[in-house]
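Below: the structure, in structure tokens.
The values are calculated or read from the model by the stated rules, or taken from the named source; none is laboratory data. In this text the structure is predicted, and so the values were computed from the model without any measurement. Cβ coordinates were reconstructed from backbone atoms using ideal geometry, including for glycine residues, and neighbour counts include every protein chain displayed.
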Amino acid sequence: MGAHSPAILARGVVKRFGTTQALAGLDLTAEPGTILGVLGPNGAGKTTAVRILTTLLRPDAGRVEVAGFDVVRQPDQVRTRIGLAGQYATVDELLSGRENLVMVGRLFHLPRAEARRRADALLERFGLTDVAHRPVKTYSGGMRRRLDLAASLVTEPQVLFLDEPTTGLDPRSRLTLWEIIREQAARGATVLLTTQYLDEADQLADTIVVIDHGRVIASGTADELKDQVGGDRLDVTVAAESDLEDAVRALERHATGPAHVDVAQRQVSVPIRNVPGLLAAVVRDLDARNVRPLDFRLRRPTLDDVFLALTSAPAGPAGDECEEAA
Amino acid sequence: MNTTAMTVDPVPVYRRLYWALADAWVVTRRHLLHIPQQHEQWISATVQPIIFVLLFRYVFGGAIVTPEASYINFLMAGIFVQSVVMEGMTGGIGLAHDLKRGIIDRFRTLPMAPSAVLAGPIVADTLRNLFIIGVMLALGLAVGFRPEASALAWCGAIGLLLATSFAVSWIGSVVALLVRDPEAVQVMAFVVMMPLAFASSAFVPVETMPSWLQPIVRHQPVTVIVDAVRGLLLAHTTGAAPWQALAWCAGIVAVCAPLSVVLYRRLARE
Ligand SMILES: Nc1ncnc2c1ncn2[C@@H]1O[C@H](COP(=O)(O)OP(=O)(O)OP(=O)(O)O)[C@@H](O)[C@H]1O
Ligand SMILES: [Mg+2]
């Protein structure tokens, strides 16, 4: 089923909360078996989009289909085919991890033995076997997160929605999850993944969509997006914070776009076109202003640069601005 | 109409019903599994009626004259109904918590019956009330309660109490889905259920109240249910009262259960 229609299809989706326009005509498409990365600053509308795609929220306007079914008119058809790990964990605090997973399996109408088998396999996969029988309220934040991800996989969904799945995970758990996401795509599932970690999108996503203010502002493969920004990047780290201003002035003379300053890292980053003699000129200019670089690095643009160039707000590692879980 | 979306054969009614019941059992089990983690709740749910029995038996009881029975015999039916009514709203508080914490989102992304999400905690609460009724009964017997009910009347009385618990819980669900805030549900429970429970025949004979109040008290559901339970426990010839009480419960469920399901489905329309 659904071989001829996209696994995820959204056209002109609009959603308002009172006077806030969360989605302003969002378009998304994901072909079966692919991984779609959705990027956007806090408040861009990522969670709202995921909630609409997973039947939790009704769009005000637009057309939304998942696995070939209309999310508004055929929600039950959609629900038998999707898995969701939302931005905030949705597990029962008083049940054990295993009881949570078995319950999800039973509510998906799996036979009891199969529900248990899948629960145990997922607990093992997510490194939760040791705590499987403890109530979830005794879990750490990352353990809870992993359990929630496991819960989204109990149903072996055809389309999987992961809203900032690696937020709060340690590096090892993050790598395991990346592996699991790739496995899901390999078995033919479609994955929609929102993330604030751009290297994650770079590593995983076949297609990336950048959204801001409820609308798509760029889309393509990671390489296509990087080409859009163009040129190379020059990063200069200085010894003292007081040197930053001079460094910016020196670098901007040679840059092809505005400088980004990371005060905490004492780093200035500018887009440049690397013509012969340019680097020498930059070094001379820094010298003339008495700025001593600790680190001087020429590199290809990353998705972070794309993100910063495209969106007005900075990309933080976690959403701590709009914590309205509804 | 959108022509690209796929169509599917409708699921037959008996299969839907089967899965609604199966889902409700899974959710009920979830709430029963909570029991070992919730001793505070269980303790307070049991201690409150015990305090009431002792207070009314030994503190207020002396001042209340009941013509047809000793006060403790009069009192027990009232205590049973009062505690079931107040306890019934705790399910609503739990549902409001669940709505806030997001586990309901997990349920709503699964192809399960909405009625099961709502009925699960209600069935679990009804079972808990059965336990509390047992505790109160034991205490009542210890302090002088001497019921004269036949085995059939006992079954009727307990059945009616459980029906009341079930019905009040559905009111709790409606309130929880409307206000979606545990504290607000608690306040509503107090403001609405407390006067209903006390301005009834639960603790004092209706005849002792002001004449303007009597007709209201006499016809409100808590009085009807208390009178029916009392009639059954004390072997009064009460005529149609148990059926009236049952009709109240059925009426409340008939209105509140479908209303809860409608409100649940509307959660998607924020
Ligand atoms: N239930 C709600 N009620 C009112 N406003 C809401 C609600 N949910 C979201 N919003 C608003 O809609 C906009 C989009 O929010 P959304 O949660 O979709 O952003 P996001 O891209 O997921 O952000 P983050 O990266 O912080 O998670 C924000 O302005 C937010 O304040
Ligand atoms: Mg979000």
Residue that is under 20 Å from B:Pro114 (Cβ atoms), in a helix (DSSP H, G or I) and more than 9 Å from chain B (Cβ to nearest Cβ), where the choices are A:Gly142, A:Gly105: A:Gly105
Residues of region B:29-87 classified as without any contact (Cβ under 8 Å) to a residue 60 or more places away in the chain, within 22 Å of B:Phe190 (Cα to Cα) and among the aliphatic types (A, V, I, L, M), total: 4
Which one of B:Leu263, B:Leu267, B:Leu232 is farther than 22 Å from B:Leu75 by Cβ, at pLDDT below 95 and surrounded by 15 or more Cβ atoms within 10 Å (Cβ to Cβ)? B:Leu267
Filter pass, B:Ala189 being closer than 26 Å to B:Ala96 by Cβ, within 16 Å of ligand 1 (Cβ to nearest atom), at pLDDT below 95 and of a type in the set (Gly, Ala, Ser): no
Residues that are away from ligand 1 (no atom under 12 Å from the Cβ) and touching a Pro at 6+ places or on another chain (Cβ under 9 Å), drawn from region A:42-69: A:Thr55, A:Glu65, A:Ala67, A:Gly68, A:Phe69
The listed residue being within 14 Å of another protein chain (Cβ to nearest Cβ), modelled with pLDDT of 85 or more and on the phi > 0 side of the Ramachandran plot, out of B:Gly94, B:Gly102: B:Gly102
So the check is Cβ under 7 Å with 6+ separation or different chains; which pairs have a first residue in region A:10-23 that's within 13 Å of chain B (Cβ to nearest Cβ) and a second one that's charged (D, E, K, R) and within 16 Å of ligand 2 (Cβ to nearest atom)? A:Phe17/B:Glu270; A:Ala22/A:Lys15; A:Leu23/A:Lys15
Members of region A:41-61 found to be at negative phi and within 12 Å of ligand 2 (Cβ to nearest atom), listed by number: A:Pro41, A:Asn42, A:Ala44, A:Lys46, A:Thr47, A:Thr48, A:Ala49, A:Val50, A:Arg51
